[in-house]
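The next block holds one structure in the form of structure tokens; read it before the comments.
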Amino acid sequence: MKRGALFGVLALGSVGCEPAAEGEVRVTLSGGDGTQRGYNDHLFQDGWSVQFSKYLVSVGDFTLTSATGEKRTAAGQVLVDVQKGDMPLAHLEGLAAGRWSVGFRVAPPGADTTLPDGNVSPEDLELMRSKGYSYWVEGIATKANVGVYTFRMGFPVNARMVDCVNGVDGTLGIVVPENSVAQTEVTIHAEHMFYDRLGTHRGVLLRFDALAATANADKVITPEGLATQRLLDLRDAEGRELKDPQGKPVVYEPGAYTVRTLQEFVTQSIVDQAHLNGGGVCTVAHEG
């Protein structure tokens, strides 16, 4: 073999032995402005405003899958109050640079669920664990000439979110950069619990009258109260047909879902409220 050819072979061999470029991913869990600042009355069809004092989310098993099928998971689950601000969720290192699909799980806390220091009380953890809730929310709702209502509501969502679309650019998943960090966010869209239709994010209206009508004598709204509101026979606090400000009957549209009560409707509505990087929607692979 000629010297030039031999040098070429050696050069190719050395290139082939170079290590693959790697990067890392840091994931934050955020409730955005909705959980931290609430929703003003102009956003609601029926004139309510909402402020949260707690917005607890039980989430974990953040998983990345490469184009070749390699999976990397930040195992474990955390219970976080996103009303208090953004919280670290996962950190994965040594990832091959390139595109990875994203998945994670929202589920009731288990025996190994961890609590960030000072963020969630052990009592709230035990409440959610015993009730099978993956979301627990507290706050107040206010409407002019009606008053101030308190809500304490839990929802038993158990969903694996997969194939998440990136809310920044509309592509699938995220790109891990070479020798750098991809800052990624799981974003909770709290407004889902006030939607009036299922199966779509388009054309929805935010409503609260139907929830307020289930409050007890102390003006407290609970999951048990929501379960008394029948979707096909919505009633106001006086037991009359529930109507909107224009005097038309209020209608909640369930789409293809079989839900009978407002509690079931709201639970289904928030199943896919955890998005990727803002508004990126994920596919629900499993729920229970």
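For the subset of segment 18-40 comprising residues that are under 14 Å from the mean Cα position of the chain (by Cα) and of a type in the set (Ser, Thr, Tyr), which member is surrounded by the most Cβ atoms within 10 Å (Cβ to Cβ)? For segment 18-40, the residue satisfying everything is THR35.
Restricting attention to segment 181-216, the residues that are of a type in the set (Gly, Ala, Ser) and at pLDDT below 95 total 2. Of all residues in segment 91-105, those that are basic (Lys, Arg) have Cβ atoms under 9 Å from Cβ atoms of residues that are outside any strand (DSSP E or B) and surrounded by fewer than 16 Cβ atoms within 10 Å (Cβ to Cβ), 6 or more apart or on another chain, in ARG99/ALA67; ARG99/THR171; ARG105/ASN158. Scanning segment 29-75 for residues that are over 30 Å from ARG152 (Cα atoms) and out of contact with any strand residue (DSSP E or B) (no Cβ under 8 Å at 6 or more places or on another chain) yields THR68, GLY69.
Say we look at segment 241-288 and pick out the residues that are part of a loop (DSSP other than H, G, I, E, B) and among the acidic types (Asp, Glu); which of these is farthest from TYR133 (Cα to Cα)?
Quick first cut of segment 241-288, residues part of a loop (DSSP other than H, G, I, E, B) only: 242, 244-248, 250-252, 254-260, 270-273, 277-279, 281-282, 288.
From what's left, among the acidic types (Asp, Glu): 244, 272.
Working: ASP244: 31, ASP272: 15 Å.
Among them, the one singled out is ASP244.
Consider segment 117-168 and keep the residues that are in contact with a Ser or Thr (Cβ under 8 Å, 6 or more places away or on another chain) and of a type in the set (Asp, Glu). The one that is nearest to VAL57 (Cα to Cα) is GLU138. Annotation: LEU232 fulfils all but one of (1) assigned to a loop (DSSP other than H, G, I, E, B); (2) of a type outside the set (Gly, Ala, Ser); (3) exposed (fewer than 10 other Cβ atoms within 10 Å of the Cβ); the unmet one is (1).
Scan segment 27-51 for residues that are in contact with a helix residue (DSSP H, G or I) (Cβ under 9 Å, 6 or more places away or on another chain) and of a type in the set (Lys, Arg) and the total you get is 0. Might you check whether a residue that is touching an Asp or Glu at 6+ places or on another chain (Cβ under 6 Å), of a type in the set (Asp, Glu) and closer than 21 Å to PHE52 by Cα occurs anywhere in segment 205-214? Scanning segment 205-214 turns up at least one residue that is touching an Asp or Glu at 6+ places or on another chain (Cβ under 6 Å), of a type in the set (Asp, Glu) and closer than 21 Å to PHE52 by Cα.
A Cβ distance below 7 Å, combined with a sequence gap of six or more or placement on separate chains, defines the contacts here; from segment 250-265, residues that are within 8 Å of LEU198 (Cβ to Cβ) and touching a residue at least 24 places away in the same chain (Cβ under 8 Å) reach no residue that is part of a helix (DSSP H, G or I) and among the β-branched types (Val, Ile, Thr). The numbered conditions (1) in a loop (DSSP other than H, G, I, E, B); (2) within 22 Å of THR73 (Cβ to Cβ) are all true for VAL186 except (1).
Inspect segment 163-185 for any residue being in contact (Cβ under 8 Å) with a residue 24 or more places away in the chain, more than 17 Å from the chain's Cα centre (by Cα) and more than 30 Å from GLU24 (Cβ to Cβ) and give the result as yes or no. No: segment 163-185 contains no residue that is in contact (Cβ under 8 Å) with a residue 24 or more places away in the chain, more than 17 Å from the chain's Cα centre (by Cα) and more than 30 Å from GLU24 (Cβ to Cβ).
The values are calculated or read from the model by the stated rules, or taken from the named source; none is laboratory data. These numbers come from a predicted model, not from an experiment. Cβ sites come from the backbone with ideal geometry, for glycine too, and all protein chains shown count toward neighbours.
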